[in-house]
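Below is one structure, written out as structure tokens; comments come after it.
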Number of protein chains: 2
Amino acid sequence: MSPTEYLNHHRERNLEELSHFLRIPSVSAKSEHREDTRRAAEWLAERMLEAGLHSAEVIATGGHPIVLAEWRGVPGGETVLVYGHYDVQPAEPLDEWTSSPFEPEIRDGKLFARGSVDDKGQVYLHLKAVEAHLAGTKQLPVNVVFLVEGEEEVGSPHLAEFLESNTERLRCDAVLISDTTMFAEGIPAITVGLRGLAYMEVRVQGPTGDLHSGSYGGAVVNPANALAKIIAQLHDDRGRVAIPGFYNEVRQLSGDERQALRDLPYDEETLREQTGAPALGGEAGFTVLERLGARPTLDVNGLLSGYTGEGAKTVLPARAMAKISMRLVPDQDYRTIEKLFADHVRRLAPVGVTVEVEALHGGHAWRAQPEGPVFDAATRALESAFGRAPVHMREGGSIPIVRAFQNTLGAPVVLIGFGLPGENAHAPNEWMSVDNFHRGAEAIARLYEELRPAG
Amino acid sequence: MSPTEYLNHHRERNLEELSHFLRIPSVSAKSEHREDTRRAAEWLAERMLEAGLHSAEVIATGGHPIVLAEWRGVPGGETVLVYGHYDVQPAEPLDEWTSSPFEPEIRDGKLFARGSVDDKGQVYLHLKAVEAHLAGTKQLPVNVVFLVEGEEEVGSPHLAEFLESNTERLRCDAVLISDTTMFAEGIPAITVGLRGLAYMEVRVQGPTGDLHSGSYGGAVVNPANALAKIIAQLHDDRGRVAIPGFYNEVRQLSGDERQALRDLPYDEETLREQTGAPALGGEAGFTVLERLGARPTLDVNGLLSGYTGEGAKTVLPARAMAKISMRLVPDQDYRTIEKLFADHVRRLAPVGVTVEVEALHGGHAWRAQPEGPVFDAATRALESAFGRAPVHMREGGSIPIVRAFQNTLGAPVVLIGFGLPGENAHAPNEWMSVDNFHRGAEAIARLYEELRPAG
């Protein structure tokens, strides 16, 4: 049985196994899910041994464990490292899910569950592709190492250290990551750019405790109003981020790069429809694809102050909180941006409140050098599986550890994503295309065939 | 036994009864407390009969019931109507209470509990004052009607209608309300001004569901950023409300009125210390007492958007919500202000989001005509109980139904408060001075003595 035949034969079973994986609520951000997160790691390691890998370990870190599995059947040969993560985003707000986030359900060809596409489904298709080879020929053309972590959604606080402490063991010729999307349905993509991230929390404190807004309103500075004023001053009227120095290191797109983005088959109205927003917006003077891939941004991710329940409560809140993140592009340094942000926000704080700014996590932006044997094999494999050559795209999201792999292991990183626009990663009703799950496994299986030396 | 002796003799029992009242979590804003709210009404009606009132009824409304009790021992005589409310504000945030909000606890001469001062303690001292007369002489110099409602904290939606449908039965010569504070510890006050209220909710909707801030940030308008921008534009740089037309009907203070406020023994630093804010603020060109009593304001009461839990979640929220209330002064019409606010906020909404504005509740500001027999009796009674003549003060809060009483029943309203600045009404750790509870009951008992015709 060829790997492709093997995969076609086991479609049902593979989906069932993935559903089992998805039922484990491995939410890394929440301490109440610590045990679930460990359980997901252990479950995955068992499946890796079953798939025919030589070893699979659950390795403790200061936080959630790393799953490291190896197949080293080509002594002295080349090595591919597959990276992914088994942790997921929190599922809240729960009442916006059509089906329960940890009870996978297929509707309309989509597998709905938290983590379906980000990243359990994409990790699992890699494992199934490797299994498809090992089950038949017991052989792969290269050594394969799986490194699947449990802290990607909280900024991978222990991964860089792990890479640095294990450079010998992890030495490889290429890193393969599937944690991105295709360009559109039917159009596979290799992602050649990722944005960086600086994620901040701003806490504004006014009075010591909540006050009656009638008895004190007008004489006590309101921290929620103050926070709104601070946030409002983070953009100018043209949609540019108004933090002094924010754009100093931004690499401008060349004329060729702008043209390449314009040549992609892209319809802004489709994006708008997908989001349901009444209109798109953003920085003046740039197209949507430029805004998403090549320009830095600033977004409020969360706001909380005072009384937010049913009805009216006339409270002058003691404090107000915002979570605010910035997406960064080359060559912005996230630590510099964190500092510029914090300094600016503190300067904006009005008399009558105190403001604390904390950096929650960050990472640098990244650009690929799209070359090398794995890159070429991936290109051919995607074309074979999807019937169309992959486009090169820039992704607005961040995978902060891509740079860490490149810098620490010195290996090129190849990002092949099988998600789709509108997949609701990080949002309610996350889904992965069932077809892409199967076709993705087939593409990865073919990638290993493409790596086989001629003759 | 004189009424004062009776009250002194029953101090312990009166406090215990009040504590029982306070243990009933009659939170009118929350549907889960509907039964508790009814229970508070029934409990109070029973105590009223025990106190010697001739009748006490729990009367259904479209919402929470009204408790109406009467003592009509002076046929053809004058009638005093005592108004108060047995409902309380929500207790959230619960983790900021030192002792549980519905487990009354005395610390440092303060009775801590939700509703202690607003308004259960102040209602109950009125009942005890009447009981002190009826227990001894079986007689009061005037007829007394208690009207205690259960919806004051949600804007008294059914009270005006009740007054209008029962004008004959409620006909009275004066309305007595204790739901305000003294000027300071040891300085009793009659409140001669209240601010009005327009309480709004603003809901900003961007995309249909939450999105990944990396994949969409920069091209989809963020409703939380948009809301912050809207709120920021509701004040100008001098702390004035920037809604066009907002100040059109504001009655300016006369030179005499400003002087009278300046003559009050008031220390702004004491207020600042009480609140714990690093500095006071507000509208330029006005003193703190002017800002609190004679100037309209706008405060955010609540903010909610996106992810507000532990850690970092990179979400571009689908929606953002603010509760925003304005305190009004004569002659602002709250319905006009609601409309000006809604129109302005809708005008401020940027392209890319939709904005809904809802008026949650409102009421007009009020100024007293400080004259008449009950007003005079109150002045003498307060001086006798506290050893100092009451000052006339303007309160920043709102009791929207004061105007309804005045207009519907045509009777003067006398506001005698026994709360104190810093009492945390509407906030965690609400308290009432135990001494003021007892002394307040004594003052009210004396008020009835002062009403007794000479000879």
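The values are calculated or read from the model by the stated rules, or taken from the named source; none is laboratory data. Computed from a predicted model, the values in this text were never measured in an experiment. As a convention, Cβ positions derive from the backbone with ideal geometry for all residues, glycine included, and neighbour counts pool all protein chains shown.
If you take just the strands (runs of 3 or more DSSP E) that sit entirely in the stretch A:329-427, which of them hold at least 1 residues that are surrounded by 24 or more Cβ atoms within 10 Å (Cβ to Cβ)?
Numbers: elements: A:354-363, A:391-395, A:413-416.
Where strands (runs of 3 or more DSSP E) fall fully within the stretch A:329-427 and carry at least 1 residues being surrounded by 24 or more Cβ atoms within 10 Å (Cβ to Cβ), they are A:391-395, A:413-416.
Would you check which residues across the stretch B:7-23 are in a helix (DSSP H, G or I) and surrounded by fewer than 20 Cβ atoms within 10 Å (Cβ to Cβ) and list them? Lay out the reasoning, then the answer.
Narrowing the stretch B:7-23 to residues in a helix (DSSP H, G or I): B:7-9, B:11-23.
Those that are in a helix (DSSP H, G or I) and surrounded by fewer than 20 Cβ atoms within 10 Å (Cβ to Cβ): B:Asn8, B:His9, B:Arg11, B:Glu12, B:Arg13, B:Leu15, B:Glu16, B:Glu17, B:Ser19, B:His20, B:Arg23.
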inquiry  = Every residue in the stretch A:9-45 that is hydrophobic (A, V, I, L, M, F, W, C) and over 20 Å from A:Leu125 (Cβ atoms), please.
reply    = A:Val27, A:Ala29
remark   = All-but-one check, B:Thr314 against (1) under 30 Å from B:Leu163 (Cα atoms); (2) among the β-branched types (Val, Ile, Thr); (3) surrounded by 22 or more Cβ atoms within 10 Å (Cβ to Cβ); (4) in contact with a helix residue (DSSP H, G or I) (Cβ under 6 Å, 6 or more places away or on another chain), failing number (1)
ask   = Going by the conditions given, is A:His361 touching a residue at least 40 places away in the same chain (Cβ under 8 Å) and in contact with a Ser or Thr (Cβ under 9 Å, 6 or more places away or on another chain)?
value = yes
inquiry  = Cβ-Cβ under 7 Å, sequence separation 6+ or interchain: first residue in the stretch A:222-237 and over 30 Å from A:Gly285 (Cα atoms) and assigned by TED's automatic domain parsing to the domain that holds A:His212, partner at pLDDT 95 or above and in a helix (DSSP H, G or I). Which pairs?
reply    = A:Asn225/B:Ile231
query = Taking the stretch A:73-113 only, how many residues are part of a loop (DSSP other than H, G, I, E, B) and either closer than 30 Å to A:Ala377 by Cα or aromatic (Phe, Trp, Tyr) (or both)?
reply = 11
request  = Please determine, by comparing only the residues of the stretch B:226-247 that are more than 11 Å from chain A (Cβ to nearest Cβ) and of a type in the set (Gly, Ala, Ser), which one is nearest to A:Gly217 (Cα to Cα).
outcome  = B:Ala242
key: Selected residue [over 28 Å from B:Glu153 (Cβ atoms) and assigned to a loop (DSSP other than H, G, I, E, B)] from B:Gly245, B:Gly214   = B:Gly245
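For the stretch A:309-319, enumerate the residues that are modelled with pLDDT of 95 or more and either more than 7 Å from chain B (Cβ to nearest Cβ) or within 35 Å of the chain's Cα centre (by Cα) (or both).
Residues satisfying the conditions are A:Pro317, A:Ala318, A:Arg319.
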query = Between residues in the stretch A:289-301 that are over 25 Å from B:Gly309 (Cα atoms) and within 7 Å of chain B (Cβ to nearest Cβ) and residues that are hydroxyl-bearing (Ser, Thr, Tyr) and assigned to a helix (DSSP H, G or I), which pairs lie under 8 Å by C-beta distance while being six or more apart or on different chains?
reply = A:Leu292/B:Ser215; A:Leu292/B:Tyr216
message = Going residue by residue through the stretch A:199-211, is there one that turns out to be surrounded by 24 or more Cβ atoms within 10 Å (Cβ to Cβ), out of contact with any Lys or Arg (no Cβ under 9 Å at 6 or more places or on another chain), assigned to a strand (DSSP E or B) and modelled with pLDDT under 95?
response = yes
task = Report yes if B:Gly218 is without any contact (Cβ under 8 Å) to a residue 40 or more places away in the chain, in the same structural domain as B:Gly306 (by TED's automatic domain parsing) and under 18 Å from B:Val315 (Cβ atoms), otherwise no.
result = yes
query = Within the stretch B:24-36, how many residues are surrounded by 17 or more Cβ atoms within 10 Å (Cβ to Cβ), in a helix (DSSP H, G or I) and more than 12 Å from every other protein chain (Cβ to nearest Cβ)?
reply = 1
query = What is the number of the single condition among (1) in contact (Cβ under 8 Å) with a residue 12 or more places away in the chain; (2) among the hydroxyl-bearing types (Ser, Thr, Tyr); (3) assigned to a loop (DSSP other than H, G, I, E, B) that B:Thr308 does not meet?
reply = (1)
ask   = Which of the residues belonging to the stretch A:248-288 are under 30 Å from A:Ala342 (Cα atoms), within 10 Å of chain B (Cβ to nearest Cβ) and part of a loop (DSSP other than H, G, I, E, B)?
value = A:Gly281, A:Gly282, A:Glu283, A:Phe286, A:Thr287
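Look at B:Val300 and say whether it is β-branched (Val, Ile, Thr), under 30 Å from B:Leu360 (Cβ atoms), crowded, with 16+ Cβ neighbours inside 10 Å and more than 24 Å from the chain's Cα centre (by Cα).
Details: β-branched (Val, Ile, Thr): yes; under 30 Å from B:Leu360 (Cβ atoms): yes; crowded, with 16+ Cβ neighbours inside 10 Å: yes; more than 24 Å from the chain's Cα centre (by Cα): no.
No: the conditions fail for B:Val300.
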key: Single residue of A:Phe375, A:Phe437, A:Phe418 found to be at pLDDT 90 or above, more than 14 Å from chain B (Cβ to nearest Cβ), under 21 Å from the mean Cα position of the chain (by Cα) and within 30 Å of A:Lys323 (Cα to Cα)   = A:Phe418
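Counting only residues that are under 24 Å from B:Asn143 (Cα atoms) and touching a strand residue (DSSP E or B) at 6+ places or on another chain (Cβ under 7 Å), how many does the stretch B:22-51 have?
Filtering the stretch B:22-51 down to residues under 24 Å from B:Asn143 (Cα atoms) leaves B:41-51.
From the residues that got through so far, the ones that are touching a strand residue (DSSP E or B) at 6+ places or on another chain (Cβ under 7 Å) too are B:41-42, B:44-45, B:48-49.
Counting residues in the stretch B:22-51 that are under 24 Å from B:Asn143 (Cα atoms) and touching a strand residue (DSSP E or B) at 6+ places or on another chain (Cβ under 7 Å) gives 6.
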message = If I filter the stretch B:160-179 for residues that are within 14 Å of chain A (Cβ to nearest Cβ), touching a helix residue (DSSP H, G or I) at 6+ places or on another chain (Cβ under 9 Å) and more than 30 Å from A:Arg327 (Cβ to Cβ), do I get at least one hit?
response = yes
remark   = Scanning the stretch A:133-152 residue by residue, the ones that are surrounded by fewer than 24 Cβ atoms within 10 Å (Cβ to Cβ), within 23 Å of the chain's Cα centre (by Cα) and in a helix (DSSP H, G or I) total 0
